[in-house]
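Asks: Pasting a structure below so you can have a look.
The values are calculated or read from the model by the stated rules, or taken from the named source; none is laboratory data. Predicted model, so just to flag it, every value in this text is computed and none were measured. Every residue, glycine among them, receives a Cβ derived from its backbone with ideal geometry; neighbour counts consider all protein chains shown. Calculation scope for accessible area: heavy atoms of the full protein, side chains included, ligands and nucleic acids excluded. Shrake-Rupley method; radii C 1.70, N 1.55, O 1.52, S 1.80 Å.
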Amino acid sequence: MRNIVYSTQLKHDLALTISECEHDRIFLLVDENTETHCLPLIISFFSLKEATIIRIPAGEKNKNVNALTHIWSALSNGCATRHSLLISLGGGTVTDVGDFAASTFKRGINFINIPTTLLGMVDASVGGKNGIDFNGLKNEVGTFAQPRFTLIHTPFLQTLPYSELLSGFAEMLKHALLDKEQTWSDILTFDIDKPDLTQLQRMVETSVRIKEKFVDSDPHEKGIRKALNFGHTFGHAFEAFSNGKLLHGHAVAHGMVCALYLSALKTGFPTERMHQTVSFIREHYGRPAIYCDDYEQLYALMLHDKKNKGDNIMLTLLAGFGDIKTNQTPSKEEIFEALDFAREG
Ligand code: GLY
């Protein structure tokens, strides 16, 4: 059985995946939002009848050491053993912190992800990287550990707020840029304001398969998996700088504007395609709320990126759709130029 399941019958598929993971106890992690909106849809499943619920507060600001220790305590107080199973039901915060807790509790227990947001489906719940934010920095502490299964059930998207839908759509745009022109054009022509969920479901599967291809060939991000960081070095700096105001995908969308600008400048990405993509991003995500005086602080945040070596900021850029150039080292002046472009270009 593949470890990503596109589930139309969640009750059946969850029972099947749980039965594939040998376990003594089951713990089910939710946040305030998924407890209200998603848990009622699954709690009556027979496969979950003995599950112990663990709750954490919602939102990226809670992807921290307090949530992590809360989960470890709940597992420990609930007599979890190395043979227990943790199921995370939620968006990127829940699966990132839940997977980190599971991958470290008693040196690692099995875990299953059930993403409930678009960002969770196409990005956070797939790929094996997990972690928490720490010391004002994104994903500063975490592990690489693969979920036994990820169950992608797109009907959860029916109740997702528009800003959250856009957040996930930015990662889908990134995957399309890393793939081919047709995938990119499918994203730019899709009506995300009035989404057709059947079409979106097909696009989610395409998007996840693009990500899986990079993860499978380089699970620990030593080489080509760095492609998936396109727009993220700028994006994480925007996100950290916004102090929780900017959703991850919106920050990445602004980050991709900078990365596309540098791709056109330095690695030959076609200028017209760059402008088309940037127009699409500006139409849906606006522009980043930054001023020239903020550049030094943004640059300092970028210097903390895990992909850097020494004092060089290492970016992934593109020479074309799917033509990936990792380990690019633009100068500080070029990075400031890209910030100028994002702000007012
Ligand atoms: N969990 C997100 C990733 O591995 O990329």
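Asks: Over the chain, what is the relative contact order in percent, taking alpha-carbon pairs closer than 8 angstrom and at least six residues apart?
Replies: Here the relative contact order equals 14 percent.
Asks: Now a separate question. Report ³J(HN,Hα) in whole Hz for each residue of segment 35-41, in order, from the Karplus equation J = 6.51 cos²θ - 1.76 cosθ + 1.60 where θ = phi - 60°; Gly and Pro get x.
Replies: 5, 6, 9, 10, 4, x, 6
Asks: For the chain, what is the mean residue ellipticity at 222 nm derived from helices alone (per DSSP H run of n ≥ 4: -39500 (n - 2.57); sum divided by total residues; nearest 500 deg cm²/dmol)?
Replies: Using -39500 (n - 2.57) per qualifying helix, the result is -14500 deg cm²/dmol.
Asks: Now for a separate question. How much solvent-accessible surface does W184 expose, in Å² to the nearest 10, with a 1.4 Å probe and all protein chains in place?
Replies: About 10 Å², rounded to the nearest 10.
Asks: Further question on the same structure: How large are Rg and Dmax for segment 107-189 when calculated on the C-alpha trace, in angstrom?
Replies: Gyration radius and largest Cα-Cα distance of segment 107-189: 14.7, 46 Å.
Asks: A follow-up question, please. Just to verify a number: what accessible area does R55 come out at with the full protein assembly present, 1.4 Å probe, Å² rounded to tens?
Replies: 120 Å²
Asks: I need the phi-derived Karplus couplings for segment 137-150: 6.51 cos²θ - 1.76 cosθ + 1.60, θ = phi - 60°, integer Hz, Gly and Pro marked x.
Replies: 10, 6, 6, 6, 10, x, 9, 9, 7, 7, x, 4, 8, 10
Asks: Report the net charge of residues surrounding F111, where surrounding means a beta-carbon distance below 11 angstrom and charges are Lys +1, Arg +1, Asp -1, Glu -1.
Replies: Charge balance in the 11 Å sphere: 0.
Asks: With the radius of gyration and the Kirkwood radius both derived from the Cα set of segment 245-345, what is their ratio Rg to Rh?
Replies: When Rh is taken as the Kirkwood radius, the ratio is 0.94.
Asks: Could I ask something else about it? Return the long-range amide H neighbours of L28 (sequence gap of 5 or more, or a different chain), with a cut-off of under 5 Å between placed amide H atoms.
Replies: For L28, whose amide H was placed from the backbone, the distant partners under 5 Å are T52, I53, I54, I87.
Asks: Can you tell which of S167, H83, L41 lies farthest toward the positive end of the dipole of the chain, using +1 and -1 charges on the Cβ of basic and acidic side chains (Lys, Arg; Asp, Glu)?
Replies: So the residue we want is H83.
Asks: I'm checking a number: the convex hull volume of the Cα atoms of segment 172-247, normalised per residue, in Å³. What is it?
Replies: 114 Å³
Asks: Would you mind pulling out the separation of the Cα centroids of segment 268-291 and segment 26-99, in Å?
Replies: Each part's Cα centre sits 37 Å from the other's.
Asks: Show which aspartates and glutamates lie in cross-link reach of K61 when reach means a straight Cα distance below 14 angstrom and same-chain residues fewer than eight apart are skipped.
Replies: Cα-Cα hits under 14 Å: D31, E32, D96, D133, E140, E239.
Asks: Another question, then. What value in Å³ per residue do you get for the convex hull of the alpha-carbon atoms in segment 1-93?
Replies: Expressed per residue, the convex hull around the Cα atoms of segment 1-93 is 108 Å³.
Asks: Could you give the angle, 0 to 90 degrees to the nearest 10, between helix 271-285's Cα long axis and the longest principal axis of the Cα atoms of the chain?
Replies: Its long axis makes an angle of about 50 degrees.
Asks: If you don't mind, another one. Sorted by accessible area (1.4 Å probe), largest first, how do D323, D218 line up?
Replies: D323, D218
Asks: Which ³J(HN,Hα) values, rounded to whole Hz and listed in residue order, are derived for segment 81-90 from phi using the Karplus coefficients 6.51, -1.76 and 1.60 in 6.51 cos²θ - 1.76 cosθ + 1.60 with θ = phi - 60°, glycine and proline given as x?
Replies: Per-residue couplings from phi come out as 10, 5, 9, 7, 10, 10, 10, 9, 10, x Hz.
Asks: Given a 1.4 Å probe and heavy atoms of the protein chains only, how would you sort K306, K325, largest accessible area at the top?
Replies: K306, K325
Asks: Hey, another quick one. Could you work out what % of the accessible surface of the chain is carbon and sulfur, using a 1.4 angstrom probe and leaving DNA, RNA and ligands out of the count?
Replies: So the carbon and sulfur contribution to the accessible surface is 49 percent.
Asks: Need one number: % antiparallel among DSSP beta bridges in the chain, to the nearest 5.
Replies: Around 30 percent antiparallel, to the nearest 5.
Asks: What three numbers, in Å, describe the spread of the alpha carbons of the chain along their principal axes, ordered from the longest?
Replies: 57, 41, 34
Asks: About the Cα centre of the chain, how large is the charge dipole given +1 on each Lys and Arg Cβ and -1 on each Asp and Glu Cβ? Please answer in debye to the nearest 20.
Replies: That gives a dipole near 840 debye.
Asks: Strictly over 32 Å apart at the Cα level, which of K180/K307; K106/K180; K226/K332; K180/K332; K11/K222 would you flag in this model?
Replies: K106/K180; K11/K222
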